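These notes are about the structure you will find just below.
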Amino acid sequence: MPKIIVDGTEVEVENGITLLQACEEAGAEIPRFCYHERLSIAGNCRMCLVEVKGAPKPQASCALSVNDLRPDPDGNPPEVFTKSAQVKKAREGVMEFLLINHPLDCPICDQGGECDLQDQAMAYGIDKNRYAENKRAVEDKNIGPLVKTIMTRCIHCTRCVRFSTEVAGVTELGAIGRGEDMEITTYLEKAMLSELQGNVIDLCPVGALTSKPYAFAARPWELRKTESVDVMDAVGSAIRVDGRGSEVMRIMPRLNDEVNEEWISDKARFVWDGLRTQRLDRPYVRQDGALKEATWEDALKTVGDKLTSTDPSKVGVITGDLCAVEDMYALRDLMDALGVKSIDCRQDGSALGETGGRAAYLFNSTIEGIEDADAILLIGANPRLEAPVLNARIRKAWLASRLPIGVIGEQADLTYDYDYLGAGPDTLKDVSSGSHKFAKVLADAERPLIIVGQGAVARADGRSVMGHAAKIAQSCGAVCDGWNGCSVLQTAASRVGGLEICFLPRQEGGQSTADIIAGAKAGAIEVVFLLGADEVKMRDLGSAFVVYQGTHGDAGAHRADVILPGAAYTEKNGIYVNTEGRPQLGRRAVFPPGDAKEDWAIARALSDVVDKTLPYNNLEQLRGALWEECPRLAALDEVEPADGAQLSEIAENAGRLNKSAFTSPVKDFYLTNPIARASKTMAECSALRAAQGQEGTGTDG
């Protein structure tokens, strides 16, 4: 490992790192605009100049490897200065050049207060400009409803270009022209369609790319910042929710190398306007065919009377995709007390969780472990639409080693090359039997990864599909000491949490989601309780009495006989378990609107009405009971590996498969849940994608 002296301090650093990284390891602060540790090196801005002893001029530390430095004639380690007069003068010169054309927009710029150029100008700027020429002006580009452009501010760092090409995997941004005439553009004035495009807002070190929905809404120092977790998919990206008063103003990513690195999907970032509209803020009870406002006492009494007067075998409970673990746990305890056995957290109708233990429903390799895989098989999954951040991780692994990737299911643009094996079960059967050529690719790999999507398991033959996937994993050595490559990609943020607490028809006589809906249609189920479940077919509930507890006036509320207004994920404290089984804590950023209450508190209040009082009065007591029953949920941000040996039970169920092809459950990326469907921004994105023929979205084919 090379040694280097930085400002008089000798440090030993890793081979191959840049001089900039080495200086920061030694405690020196190096300004930069174009350099980003997750992107390729461009060396555009020259702000990171340092003085290397013996070099004729300052060096760009971002583009110089520590291995390129040589000891002095006496054999002493190379010496670097980051605070010398030469360095200061060089950086001031670079800053002067950067500000030649930069407009004086700070008072009206949305980047104000969070601008790298603003911060560095305070340190290296001068109080006068020696250039009297006119500043250049660049026409703004319309690149869609999410990213606002003021390209006159652009300093040509090319971070946005490198991100869209390298991480997002789409060539939507690039540079045209040379020198002063250089412009960052989408070439043909075409809107960006990547599901990760909003990340260029965070990457832009100036105000050239800002959030269009957030434009002129607030200043950063006005906002109350709350660390939370995203629930738009099952990845569980770390986010920061910025609120002012009673409203969420924006959502931004937080660093979490094990899950989302520092990226989030556009749905996670821009869905916040859906938290304000079409909200349920008071209880409603249907009278004479119309929903009418009611007090909490009347609404709970109506529900309580119906539950206590109905045979428990004729009551069904289904939970949705955005529920916190505590909410489902309280509702499960209440239904257990009432003797209701037909409860299910799988509103998509999958059979996951019934056999095979935890290994049957977790992303067992972990998200970070994708980078260790050397061959990947995707079964019934379109990760670009179902989990864009996870898809970027697959692309990262593919870029690093060009590992072979096979796809069984939809033929789509996933942003990386893959071998299309087939559309459905016939191909899966061939691979599991070893007769397909890709079976040898998996067998030759040291750490093969099989990713099973909900498009494969949320079917009538889902248990058999999962059995064949487990059979492939066992035959190719994907399950061994130190590696479990049989992974399930969930699409619902609440699904793994519900399975962990066994929110399932676990008692004899209990019915699953499909049976509950069929029973309601036939009249055998008389009461259906929906906790945020809007994706079931409401018209199939027949004449059943429907209680809807949720946040938005979506499908469930339209069908309901009683509406109990709940709190959205930004309005309550709750635990969410991501697809790899990692419990994460979502924190309340704002309070629920009107008379809406947290979902667990509604269940607790309802328990009093039905004379089955639950044994906890606050969230701390509820979590105490939850953690006592399921201790792994108390280990926040940690993944407890599942027992891979349990997959044998699933492999034995590799039974008959039907002939229909695998299709992704996500048809419109932007409109997958009630919050997204209430968002004007998401509606604009959906309409734009439809207008452009879904080109490059991963849905064609």
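The values are calculated or read from the model by the stated rules, or taken from the named source; none is laboratory data. What you are looking at is a predicted structure, and each value in this text was computed from that prediction instead of being measured. Don't worry about glycine lacking a Cβ; one is built from the backbone with ideal geometry, like all the others, and counts go over all protein chains shown. Note: accessible area is taken over every heavy atom of the protein model, side chains too, but ligands, DNA and RNA are not part of it. Shrake-Rupley method; radii C 1.70, N 1.55, O 1.52, S 1.80 Å.
Summary of computed values
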| quantity | calculated |
| --- | --- |
| Relative packing of peptides 669-678, 97-106, 41-50, 643-652 - highest average C-beta neighbours within 10 Å first | 669-678, 41-50, 643-652, 97-106 |
| Within the accessible area of the range 244-299 (1.4 Å probe), percent carbon and sulfur | 42 percent |
| Mean residue ellipticity (222 nm) of the chain, computed from DSSP H runs ≥ 4 via -39,500 (n - 2.57), nearest 500 | -7500 deg cm²/dmol |
| The chain - Rg (one decimal) and Dmax (whole number), Cα, Å | 27.8, 95 |
| Descending semi-axes in whole angstrom, ellipsoid equivalent of the range 517-622, from the Cα gyration tensor | 26, 17, 15 |
| Convex hull volume per residue for the range 407-564, taking Cα atoms only, in Å³ | 170 Å³ |
| On Cα atoms only, tilt of 513-522 relative to the major axis of the chain in degrees | 40 degrees |
| Nearest-0.05 FRET efficiency for PHE97 and GLU166, computed from C-beta distance (R0 30 Å) | 0.65 |
| Accessible surface of the range 402-491 [probe 1.4 Å, protein heavy atoms]: carbon and sulfur percent | 45 percent |
| Average accessible area per residue (Å²) across the chain - probe 1.4 Å, nucleic acids and ligands excluded | 40 Å² |
| q = 0.17, 0.18, 0.28 Å⁻¹, the range 294-360: log10 I(q)/I(0) [Debye, one scatterer per Cα] | -0.76, -0.84, -1.28 |
| Residues ILE108 and ARG254, FRET efficiency given R0 of 45 Å [Cβ-Cβ distance, rounded to 0.05] | 0.95 |
| Accessible-area composition of the range 98-229, carbon plus sulfur, in percent [1.4 Å probe] | 54 percent |
| Three principal axis lengths of the range 217-346 [C-alpha, angstrom, descending] | 53, 34, 21 |
| Cα centroid separation, the range 400-448 to the range 303-368 (Å) | 34 Å |
| The chain: antiparallel DSSP beta bridges as a percent of all, rounded to 5 | 55 percent |
| Along each principal axis, Cα extent of the range 50-138, largest first, Å | 55, 28, 23 |
| The range 348-486 - share of DSSP beta bridges that are antiparallel (%, nearest 5) | 15 percent |
| All-pairs Cα distance distribution in the range 1-114, expressed in whole percent, bin size 10 Å | 13, 42, 30, 11, 4, 0 |
